[in-house]
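Below is one structure; the comments refer to it alone.
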Amino acid sequence: MPEPQRAAIYARISQDTEGTGKGVARQIEDCRKLAATLGWQVAGEYVDNDLSAYSGKRRPEYERMLADLADGLIDGVLVYHIDRLTRRPIELEHFLNVVDAARVQHVRFVAGETNLSTSDGLLVARIQAAVAANESASKSRRVARKHQQNAAEGKPHRGSTRPFGYESDFATVLPAEADVYRTLVTRFLAGESTRSLASWLNTEQVPTVTGSAWTTSTLKGMLTNARYAGLRVHRGQAVAPGQWDAIITEDEHRRILAKFADKKISGRRTPQRYLLSGMLRCGKCGNRLFSSARVIRGRPNRRYVCMSGPDHGGCGRLMVSADPLERFLADAVLHRLDTPELADVLAGRNSADARTQELTRALDEDQQRLDDLAQAHGRGDIDMREWMLAKKPVQDRLATTQRHLAQITHTGALTGLAGTGAGLRSAWGSLNLSRQHAIVQAVIDHAVIGPGTPGVQVLDPARVSVVWRH
Ligand SMILES: [Zn+2]
């Protein structure tokens, strides 16, 4: 039997570095030495980087080698150890079939002395493959079980970077960052966009954990993360109270999720361009006023107008200059924040709190129903079609409940703002439009604008009647 003239060296790096998991360079070096000893000519190297053991992930180089074997391009295979070649017994059988069909008799391993061309050697190879697979499988089972156990005990999930607001033990609260987090939550629940919050953080030069800039997606990930409400999440489910201090309440966490769900439904993502968008009604016909800008004598003139026509359906006979009205209403809002009337409104909020709790409970129950259904399907008690049918009404109800919860958060936003009017007044000009809009919207339900004298730029306060939120 002539020695191979076109042998292949196969090497694989993986995470199971115990025992035979030598680096790729060492594996290849040892294979080359063996080739020299055996008098084989090496034609090529095939190297896979397969860092998750037993993942069943594809190995492109391994597949290329099998194809080259089948095509007769190589006539021998050298591998450091059989656990580098195959990860599961079934892969070994497949490999043996390919080698058999290609009539390749030369397969050798540096470690193990296994010779696949004899029946004893085959038996040893099969045993080794089974042992390697078993080790790999029990290792990943051990890891998975450990993760699950940690989660059930409420131990923190330790990623590569600490969470914002916590020290690197993943448990001790950093007061300064926790304050920032709570501010973000208050402002987000008040209706400010993540875009606006991210640019605020960047402007204030609040550092992220990694040192990179704040983005809307980091912010969204952070705001929706249940760990800040002291909940340990495993595979997307809160499974236990965390062994760390919460920064916000579970109720706040729910309202954040509801707010994001609501945003997804309404799909409104365009940045705010007018302070009072959506908050003004026409005093003649009751229709909503729309913002409109036109240029008069080279200067932009911003207005809110009642629009007629099929898309708007208003009377089209009312308009008001934007600038004086915005100044007037912003002033009224800031004044309102510090009044006893607002305190009274907040005192009456207990009813809203009760409603929040009721909705939260409904959310919980429906979520539980979905989990039960998924488990029933998992056990085979119900088939896929039954599962889909049963899921649908529960999911619809969940969406409705989340929407209702999001509506309530408008009132919730007032809590964080009450008594801050004087402070906000001095900073008002420096706040961006999204933040200003959120504050006004938290306080005002809407304002009705009465008819005015055409051409008059000064606002007559008598035209404005404000309907406060309560
Ligand atoms: Zn009108």
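In region 22-36, the qualifying residues are those that are under 20 Å from Pro60 (Cβ atoms) and surrounded by 12 or more Cβ atoms within 10 Å (Cβ to Cβ), and the one that is modelled with the lowest pLDDT is Val24. Of all the residues in region 278-292, those that are part of a strand (DSSP E or B) and within 14 Å of the ligand (Cβ to nearest atom) number 7. Of all residue pairs spaced 6 or more apart or on separate chains, those with beta-carbon atoms under 6 Å, a first member in region 348-362 that is of a type in the set (Ser, Thr, Tyr) and a second member that is modelled with pLDDT under 75 are Thr356/Ile408. Say whether the condition of being touching a residue at least 60 places away in the same chain (Cβ under 8 Å) and surrounded by fewer than 22 Cβ atoms within 10 Å (Cβ to Cβ) is met by at least one residue in region 89-100. No: region 89-100 contains no residue that is touching a residue at least 60 places away in the same chain (Cβ under 8 Å) and surrounded by fewer than 22 Cβ atoms within 10 Å (Cβ to Cβ). Given the condition at pLDDT 90 or above and out of contact with any Leu (no Cβ under 6 Å at 6 or more places or on another chain), answer yes or no: does some residue in region 253-267 qualify? Looking for residues that are at pLDDT 90 or above and out of contact with any Leu (no Cβ under 6 Å at 6 or more places or on another chain), one finds at least one in region 253-267, hence yes.
Of the residues making up region 104-135, just one is assigned to a strand (DSSP E or B) and among the charged types (D, E, K, R), namely Arg108. All told, Leu275 falls short of being aliphatic (A, V, I, L, M), buried (at least 21 other Cβ atoms within 10 Å of the Cβ), at pLDDT 85 or above and within 16 Å of the ligand (Cβ to nearest atom). Cβ-Cβ distances below 9 Å connect the following pairs, each with a first residue in region 295-316 that is part of a loop (DSSP other than H, G, I, E, B), a second residue that is within 9 Å of the ligand (Cβ to nearest atom) and of a type in the set (Ser, Thr, Tyr), and a separation of six or more residues or different chains: Gly314/Ser308; Cys315/Ser308; Gly316/Ser308.
Given the criteria out of contact with any Ser or Thr (no Cβ under 8 Å at 6 or more places or on another chain) and on the phi < 0 side of the Ramachandran plot, does Ala111 qualify?
Details: out of contact with any Ser or Thr (no Cβ under 8 Å at 6 or more places or on another chain): no; on the phi < 0 side of the Ramachandran plot: yes.
Considered against the rule, which asks whether it is out of contact with any Ser or Thr (no Cβ under 8 Å at 6 or more places or on another chain) and on the phi < 0 side of the Ramachandran plot, Ala111 comes out as no.
Every condition in (1) buried (at least 20 other Cβ atoms within 10 Å of the Cβ); (2) modelled with pLDDT of 80 or more holds for Ala129 except the one numbered (2). Checking every residue in region 424-441 against the condition of being in contact with a helix residue (DSSP H, G or I) (Cβ under 6 Å, 6 or more places away or on another chain), closer than 19 Å to Ser291 by Cβ and at pLDDT 85 or above gives at least one match. Among the residues of region 149-194, those that are among the acidic types (Asp, Glu) and under 16 Å from Pro207 (Cα atoms) comprise Glu167, Glu177, Asp179.
Out of Leu189, Leu197, Leu223, Leu184, which single residue is buried (at least 20 other Cβ atoms within 10 Å of the Cβ), in contact with a helix residue (DSSP H, G or I) (Cβ under 7 Å, 6 or more places away or on another chain) and under 23 Å from Gly154 (Cα atoms)?
Details: Leu189 fails: under 23 Å from Gly154 (Cα atoms); Leu197 fails: under 23 Å from Gly154 (Cα atoms); Leu184 fails: under 23 Å from Gly154 (Cα atoms).
The match here is Leu223.
Restricting region 144-203 to residues that are among the charged types (D, E, K, R), in the same structural domain as Tyr228 (by TED's automatic domain parsing) and touching a residue at least 60 places away in the same chain (Cβ under 8 Å), the residue that is farthest from Ala229 (Cα to Cα) is Arg195.
Scanning region 377-398 for residues that are exposed (fewer than 15 other Cβ atoms within 10 Å of the Cβ) and among the aliphatic types (A, V, I, L, M) returns Met384, Met388, Leu389.
Entry remark, region 132-159: residues being at pLDDT 75 or above and polar (S, T, N, Q) number 3 in total. Quick check on region 293-314: of everything there that is among the hydrophobic types (A, V, I, L, M, F, W, C) and either more than 16 Å from Val456 (Cα to Cα) or surrounded by 10 or more Cβ atoms within 10 Å (Cβ to Cβ) (or both), which residue is farthest from the ligand (Cβ to nearest atom)? Filtering region 293-314 for residues that are among the hydrophobic types (A, V, I, L, M, F, W, C) and either more than 16 Å from Val456 (Cα to Cα) or surrounded by 10 or more Cβ atoms within 10 Å (Cβ to Cβ) (or both), the one farthest from the ligand (Cβ to nearest atom) comes out as Val295.
The values are calculated or read from the model by the stated rules, or taken from the named source; none is laboratory data. Values in this document were obtained by computation on a predicted structure and should not be read as measured data. Positions of Cβ are generated from backbone atoms using ideal geometry, with glycine treated the same way; all protein chains shown enter the neighbour counts.
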